[in-house]
Amino acid sequence: MVKDNWDNDDNQVTSNWVKFYVPMEDKIFGTLIAKRVMKSAIPGKENEDVNIYELKAEAGSFHQVDDSKKVIPEPVIINAGEVWSVGGKNSIDVQMRNIKIGQKVGFKFIDEKPSKTKGFAPAKNIKIYAPKNDDGSPQMDTEFLEELNTPEQEF
C-alpha cells in the first residue's frame, strides 16, 4: 500500500558522495560494487566523461564545507552497509584500473599539491588501498559476489 505522502521531503533519497577536505582524516573503505561513467559537473568540463566508483562501505568518515568553504569540524560518519560514490580523476582512475567489482578497496586523502595553473584549486592526492589475503590475492567480498551471482526471484 502506497502512503499518500510518499513525496514528503522526509522521504527524499539523497546521493551519498564522499568529499575530501581534511588530509589524513577523510577516507572510506569498502567493497567496489559498481563503476560507471557520467558527464562532469565541473564548469568548463561539462562534456568530459568522469568515472564514478560506488562502494558498499565498511567504515570511513569525511568532512564537509559550509557555504563560505570553511571545513565543518564534525565529520560525516560512513556506516557499514551504506552505498557511497567517489568521483574519479586521472590519478584515481590510474590506481583503480586493476580493482575488480567485489574487491575490497579504500580511498584516503593524503595531502594537497598547489595547482600548476594560477587560480585553480590545489590537486588532492588520494591514495587507493587494496588489501591482500595471506596468499597475496586481493581481498574480495564473497557475500556481495554471491548476491551478484544469485538470480533474482520472480514474484
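Below, the figures for the structure above:
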| quantity | calculated |
| --- | --- |
| In segment 29-60, the residues that are touching a Ser or Thr at 6+ places or on another chain (Cβ under 8 Å) and closer than 15 Å to Phe144 by Cα | Glu54, Leu55, Lys56, Glu58 |
| Sole residue being out of contact with any strand residue (DSSP E or B) (no Cβ under 6 Å at 6 or more places or on another chain), over 16 Å from Tyr129 (Cβ atoms) and of a type outside the set (Asp, Glu), chosen from Lys35, Lys116, Lys100 | Lys116 |
| Inter-residue pairs, beta-carbon under 7 Å, first touching a residue at least 24 places away in the same chain (Cβ under 8 Å) and on the phi > 0 side of the Ramachandran plot and in segment 32-50, second surrounded by fewer than 11 Cβ atoms within 10 Å (Cβ to Cβ) and among the aromatic types (Phe, Trp, Tyr), 6+ apart | none |
| Filter pass, Val22 being within 17 Å of Met96 (Cβ to Cβ) and either of a type in the set (A, V, I, L, M) or free of Cβ contacts under 8 Å to residues at least 24 places away in the same chain (or both) | no |
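Rule-based calculations on the coordinates, nothing more; no lab input. In this text the structure is predicted, and so the values were computed from the model without any measurement. All Cβ positions, even for glycine, are placed from backbone atoms using ideal geometry, and neighbour counts span all protein chains on display.
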